[in-house]
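I have placed the structure first, in the form of structure tokens, so that the comments after it can refer back to it.
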Amino acid sequence: MSNIVAPSILSADFGNLSNDISMLNNSKADWIHIDVMDGHFVPNISFGLPVIDFINSLSKKPLDIHLMISKPERYIENFLKYNTKVLTVHLEASKHLHRTIHHIKSNGVMAGVAINPHTDVNNLSEIITDLDLVCLMSVNPGFGGQKFIENSFSKVKKLKKMILAKNSKCKIQVDGGVNILNAGKLVENGTDVLVAGNFIFKSETPKENINSLKEI
Ligand code: DX5
Ligand code: ZN
């Protein structure tokens, strides 16, 4: 089974978004990663529902929505109405994670949980069999274009061990600073889904860069 590649639209050209979406439509990208930031859970505000309406209307690829917002349970329904493949909430932002996960799953959408760089993967042990995806943040969430945190390699290994031990079908996603230099080791350690923003959109050859991540 090959890697899933999810380009992060946060690094796209918002003055010409339709151009970048059509590039993705004609590429080997699997999902479009959508970063929603509220200026409260993370120190940045990205974009909201009208922009996602637009992306969803043009995209031929399903959406992988990453909510970096406090109390995400308030907005789950808003994000389920798209061609949503995965809806991910942060462990650190949700008090009733189990309820939120099952709310997402009951709509036939994959439920994901993201954890910040400082959060130990062991915090997921009681919920791992309920999850479809864990998003390991390999930068502090809030901005694109940051440097990959090397400790993420061992977190992937540790999480993979837990998933196998618990007989879970959960996928491992890595998000932040992913590029061709670290993607090989990430996949080797057990990563299923590579998210990349700058490596794709800030390049002169975005489609080739998507291919390079697919082919690892
Ligand atoms: C960070 C976001 C990431 C980011 C990835 O808060 O969750 O998805 O857009 O972008 P790069 O690959 O540039 O780090
Ligand atoms: Zn993200």
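None of the figures in this text is laboratory data; all of them are computed from the coordinates on show. Keep in mind that this is a model prediction, so the values were computed, not measured. Counting neighbours? That spans all protein chains shown, and the Cβs are built from the backbone with ideal geometry, glycine included.
Any number yet on Rg/Rh for region 164-216, C-alpha, Kirkwood?
For region 164-216, the value is 1.04.
Stokes-Einstein diffusion coefficient for the chain at 20 °C in a medium of 1.002 mPa s, Rh from the Kirkwood formula over Cα pairs: what value in µm²/s?
For the chosen part, D equals 126 µm²/s.
Can you pull out the GluC sites (Glu not before Pro) in region 75-146 that DSSP calls coil and that have at most 11 other Cβ atoms within 10 Å?
Sites meeting the loop and neighbour criteria: 126.
Between residue 204 and residue 13, with labels modelled 7 Å along Cα→Cβ, what's the label distance in nm to one decimal, could you check?
The modelled label-to-label distance comes out at 1.5 nm.
Based on the mean of other Cβ atoms within 10 Å per residue, sort peptides 200-208, 12-20 so the most packed one is first.
200-208, 12-20
With unit charges on the beta carbons (Lys and Arg positive, Asp and Glu negative) and the dipole taken about the Cα centre of the chain, which residue among 163, 69, 197 sits farthest to the positive side?
After comparing all options, I get 163.
I'd like the distance between the alpha-carbon centres of region 25-64 and region 108-158, rounded to an integer number of Å.
Centre-to-centre distance over Cα atoms comes out at 19 Å.
With a 10 Å Cβ neighbour count serving as the proxy for reagent exposure, in which order, fewest first, do 129, 119, 88 appear?
129, 119, 88
Mind sorting 82, 75 by how few other Cβ atoms lie within 10 Å of their own Cβ, fewest first?
Lowest to highest Cβ neighbour count: 75, 82.
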